[in-house]
1. In the stretch 32-81, how many are loosely packed, with under 12 Cβ neighbours inside 10 Å and outside any helix (DSSP H, G or I)?
2. Among the residues of the stretch 227-242, are any surrounded by 11 or more Cβ atoms within 10 Å (Cβ to Cβ), touching a residue at least 40 places away in the same chain (Cβ under 8 Å) and out of contact with any strand residue (DSSP E or B) (no Cβ under 8 Å at 6 or more places or on another chain)?
3. Residues of the stretch 323-348 being farther than 22 Å from Gln206 by Cβ and surrounded by fewer than 18 Cβ atoms within 10 Å (Cβ to Cβ), which ones?
4. Could you list all residues from the stretch 100-127 that are at pLDDT 95 or above and surrounded by fewer than 17 Cβ atoms within 10 Å (Cβ to Cβ)?
5. Please specify each residue of the stretch 19-30 satisfying the condition of being part of a helix (DSSP H, G or I) and buried (at least 16 other Cβ atoms within 10 Å of the Cβ).
6. Scan (1) in a loop (DSSP other than H, G, I, E, B); (2) under 20 Å from the mean Cα position of the chain (by Cα) for the single condition Glu301 breaks and write down its number.
7. Name the pairs whose Cβ atoms lie under 8 Å apart, with the first residue in the stretch 1-14 and over 17 Å from Glu149 (Cα atoms) and at pLDDT 90 or above, the second of a type outside the set (Val, Ile, Thr) and loosely packed, with under 14 Cβ neighbours inside 10 Å, and 6 or more positions between them or separate chains?
8. Would you kindly identify the helices (runs of 4 or more DSSP H) lying entirely within the stretch 322-418 that contain at least 2 residues that are at pLDDT below 95 and β-branched (Val, Ile, Thr)?
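The values are calculated or read from the model by the stated rules, or taken from the named source; none is laboratory data. None of the values given here were measured: they were computed from a predicted structure. No Cβ is skipped: glycine too gets one built from the backbone with ideal geometry, and neighbour counts run over all protein chains shown.
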Amino acid sequence: MSVVDSLNIIGKTIENILDFVANDKVLSEDFQQYLEINGIEIESEKEFNNVIIQYVLDMKMQNGLRVLEYYRRNNKTYDEVIDALLNSFCSVFKVNKILSNAFDVTCLTSNVNLTIIPMVKMEHLKQIGKFDYIQARILELNRVQYILEIYDVISEFDVYKATTTAIKYMLQNPRTAYFKNDEKKVLLEKSVAEFNQKFDECFSAQFVVTTNKKVDNLIEFFNNYRLSGKKEDYSSLIEDVEQLRYIKIDEFNCDDDTFLQNATGGFASHKEIYDVALWMDKKRGLYIVPFLKTFFKCFEENIEGKFDCVKEFLTSDKIPPSVIKYACEKYEKFFDVVNEALGTKFDNLEELLFNTKASYIDSGVFSPVTVLFNSELFSAMLGIEEKKEDKKENQVGRNDLCPCGSGLKYKKCCGKNI
C-alpha cells in the first residue's frame with residue numbers, strides 16, 4: 001500500500017468514525033454527556049472538530065469503554081486502521097532533518113529515530129525548523145509513522161519545555177517510553193521484577209496506605225531501601241485520614257514551575273488531605289494510587305463522592321486491573337456498586353475488565369513510576385532543573401555590588417553592556 005493510499009484510508013476512516021458518532025444513539029448521547037460533565041461550550045465549527053476528534057481518539061464512554069473500541073466492536077470497516085488509531089499516541093519529537101514530504105526526528109519519550117509523514121502538505125508546515133521540537137500525535141500503519149495532528153512547535157532553544165512536555169505524555173501514556181525500543185522494554189521488565197522483590201522485602205504486603213502529606217516521604221523511604229537494602233522503621237510515615245471521601249484531583253495538570261514536584265510525587269502540595277497508597281502490580285510495577293482506601297470503603301458504606309470514585313477507578317487507565325480484581329474478590333457488593341456507578345449490568349470480572357481496562361489486555365503496559373525511574377529523559381530534566389536553580393542562585397541584581405570585586409555596582413561594571 002502506497003503512502004498516498006494509506007493517508008486516504010486514514011482520512012476516510014476518521015470521517016466514518018465521526019459520522020458514526022453523530023448517528024449512533026449511544027455515542028451521540030455519551031458525547032453530549034461528555035460535553036456537559038467537562039463544561040465544554042462549542043462556539044464554532046473549528047472548536048467542534050477539535051473537541052470531537054479528541055473525544056474519539058482519547059476519551060472513554062461513561063461505561064468505561066474507549067470510544068474507538070466501541071466503534072471497532074460495532075463496525076468492522078478498516079480494522080487495521082482502527083487498531084492503529086487505538087495505538088496512536090502523543091509525544092515530542094526533535095526535528096533532525098526536513099525532507100520533501102516528511103521529517104526525520106528523534107522521539108524524546110522512547111529515544112528512537114523515526115521518519116514521520118504529516119497528513120498535510122509540507123508547505124503548510126513552514127514554521128517548523130531544523131532542531132525545533134514538534135508536539136504531535138502520531139499513528140503507525142504498515143510500519144510507517146504518520147502525523148495525525150500537530151499541537152505545538154517548541155523552539156530548539158526551549159529544551160526545558162520540550163522535555164517536561166514529553167515527560168507529561170510519557171506519564172499519561174507509559175507506552176510512549178518504549179515505542180520502537182525493544183531494549184527499553186526489556187529494561188522495564190527487569191525493573192518490574194526488581195521492584196516486586198524489594199517491595200515484598202520492605203513492606204511484606206501488596207500495598208501500603210498513608211496520606212498525601214506523608215506519601216512522598218514513603219516513596220523516598222522505599223527508594224532508599226531499594227538502593228541500599230537497609231530497612232528502618234517507617235511507622236511514622238503511616239497515618240490515617242480522619243474521614244474518607246473522594247475529591248477530583250489531577251496530579252499532571254500543572255504549570256512547568258510545579259511540574260517537577262508533581263512528577264516525582266508532590267501530593268503533599270495539595271491543600272486537601274486524602275489517602276494515597278503504594279500498590280505493587282506484579283506485571284506492571286509500582287503504582288501511586290490516590291484514594292485506594294476510599295475506593296475499597298465504597299463497597300462497604302456510603303461515603304462522599306462514592307460513585308465518582310468507583311467510576312474513576314474503573315475508567316482511568318492509571319489504575320491497573322489488579323486493583324479491580326482485588327476489590328472484586330474481597331467485597332460481596334462489588335458488582336452492585338460498580339453497576340450503579342457506571343449504569344451497567346456486569347456480573348463477571350472478565351467482562352468488566354474487557355470493557356473498562358481493554359488497554360491492559362495482552363499488552364505490556366508498565367506503571368508510570370516504573371517508566372519514570374528508568375527514564376533518561378527524566379534524569380535529563382533533573383539536570384536542567386538543577387542548572388535553572390543554580391542560575392537563579394548565582395544571578396546578580398543590577399544594583400548589587402559587582403562580583404568581580406571592583407566595588408562598583410554591577411550595572412556600572414561587568415553588567416554595563418548587558
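1. 6
2. Among the residues of the stretch 227-242, not one is surrounded by 11 or more Cβ atoms within 10 Å (Cβ to Cβ), touching a residue at least 40 places away in the same chain (Cβ under 8 Å) and out of contact with any strand residue (DSSP E or B) (no Cβ under 8 Å at 6 or more places or on another chain), which makes the answer no.
3. Result: Asp336, Asn339, Glu340, Gly343, Lys345, Asp347, Asn348.
4. Asp104, Thr106, Val112, Asn113, Thr115
5. Phe20, Val21, Leu27, Asp30
6. For Glu301, the failing item is (2).
7. none
8. Per the criteria, 368-373.
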